[in-house]
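One structure is given here, and the rest of the page talks about it.
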Amino acid sequence: MALKGNLRDFSTTQLLNLINLARKTGTLTIETRDSQVQMCFKEGKLIYATEDGQDARLVTVLLKASKISEELARTIRARSDIKDDRELGVLLTNAGYVSQQDVIDSMRNFTLETVYKLFTWPEGSFRFESSLLSIHGRVTVPIDLENVIMEGSRRLKEWERLQEELPNLDVALRFTDRPDARLRTINLTVEEWRVVSFINPRNTVRQIAKYNNMSDFQIRRIVYGLFQAGLVEMIMPEGFEPKPSIAGVPAAPTAQPLVQQRPAVKRSVVQRLIDRIREL
């Protein structure tokens, strides 16, 4: 019989602790109105996790981890003779495209990033089905749950702090006129550059996150870092019109409909930023 409940009554931390202590084998599904995550466990260890709508194939995981090129990924996807991810991992390793450690590290990071977001979910239904493992043909990596729980708890505290610092994602960003002197040693990640390339008064932080397929946690962490570095400042986005006040109390601004098309990346903006940093 499956174990069922709600995260309001039994948190992700408590669920993972139970699975760890009881050395359970099975599949835990946590579902909200917008998303569903499945985690597979074997004898109390996390071995695999995926989110609905997420491409969890090994080729995609390796590409996202920059272990293979776009060209190689297209070639792999065009082939129909590769039966599953385990076979693909062996083929890529034998051909020298990746090492076995590359495959292990990429799958471990993919699994962990899928699970860590659950620690910030305040509610959602869960179901644990013992001995059920839907991982046929997948590459699995055993991960100790003690480490997952410790890192997830740390991220939860960081998430709570980020929510306090950036409670509203429906604001826009613009570059400051005089970046802080700390930018002398700036070293932006690929994800940070993606966010930077979309910064203009027309796009809200929420839209930038959506365009780049980032979670609320990821976008808050990046924006907070850029803000603390003195690189950007927050403004009300263009196109927002405030509602009339009611009984003397100003109402929150109403956003225009979300932009459906990906806004053009203005290379000149990014280049000006790079030039500005070099001048410091």
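Only the coordinates and a few stated rules stand behind these numbers; no lab work does. Owing to the predicted nature of the structure, the values given are computational and were not obtained by experimental measurement. Neighbour counts are summed over all protein chains in view; Cβ atoms, including those assigned to glycine, are modelled from backbone coordinates with ideal geometry.
Mind listing the phi-derived Karplus ³J(HN,Hα) values for region 12-24, rounded to whole Hz, using 6.51, -1.76 and 1.60 with θ = phi - 60°, and x for any glycine or proline?
Here the 3J(HN,Hα) series is 4, 4, 5, 4, 5, 4, 5, 4, 5, 5, 8, 6, 6 Hz.
Would you pull out the residues with amide H under 5 Å of residue 5's amide H, same chain only if 5 or more places away, H placed 1.01 Å from N?
126
How big is region 97-222 along each principal axis, measuring the range of its Cα positions in Å and listing the largest first?
Each principal axis gives a Cα extent; for region 97-222 these are 58, 41, 26 Å.
Amide H neighbours of residue 36 under 5 Å, at least 5 residues apart or on other chains, H built in the peptide plane: list them.
Placed amide hydrogens put 52 under 5 Å from residue 36.
Measure up 45/117; 42/83; 67/210; 4/64 against 28 Å on the Cα-Cα distance and list the ones that go over.
Long pairs (Cα-Cα over 28 Å): 4/64.
Quick one: net charge of residue 77's neighbours, Cβ under 13 Å, K/R +1, D/E -1?
Result for the local shell: -2.
Using only the Cα atoms, what convex hull volume per residue in Å³ does region 3-157 have? Write down the numbers at each step before the final one.
On the way: hull volume 18.2 nm³, N = 155.
Per-residue hull volume (Cα only) is 117 Å³.
Just the Kirkwood number for region 47-118, please: inverse of mean 1/r across all distinct Cα pairs, in Å, one decimal.
The answer is 12.6 Å.
Grab the other residues whose beta carbon is less than 12 angstrom from that of residue 88, score K and R as +1, D and E as -1, and report the net.
Residues close to residue 88 contribute a combined charge of +2.
Quick one: which residues, 5+ away or cross-chain, put their amide H under 5 Å from the amide H of residue 176? H built at 1.01 Å from N.
Amide H neighbours of residue 176: 232, 233.
Could you give each residue of region 148-157 its phi-based ³J(HN,Hα) in whole Hz, using Karplus coefficients 6.51, -1.76, 1.60 with θ = phi - 60°, and x for Gly or Pro?
Each residue's phi maps through the Karplus curve to give 4, 5, 5, 5, x, 5, 4, 5, 4, 5 Hz.
If you bin the C-alpha pair distances of region 13-81 every 10 Å from 0, what whole percents do you get?
That works out to 18, 34, 29, 17, 3, in percent per bin.
Tell me, what HN-Hα J-couplings in whole Hz come from the Karplus equation 6.51 cos²θ - 1.76 cosθ + 1.60 at θ = phi - 60° for each residue of region 227-235, using x for Gly and Pro?
After applying 6.51 cos²θ - 1.76 cosθ + 1.60, I find 5, 5, 6, x, 8, 10, 9, 9, 9 Hz.
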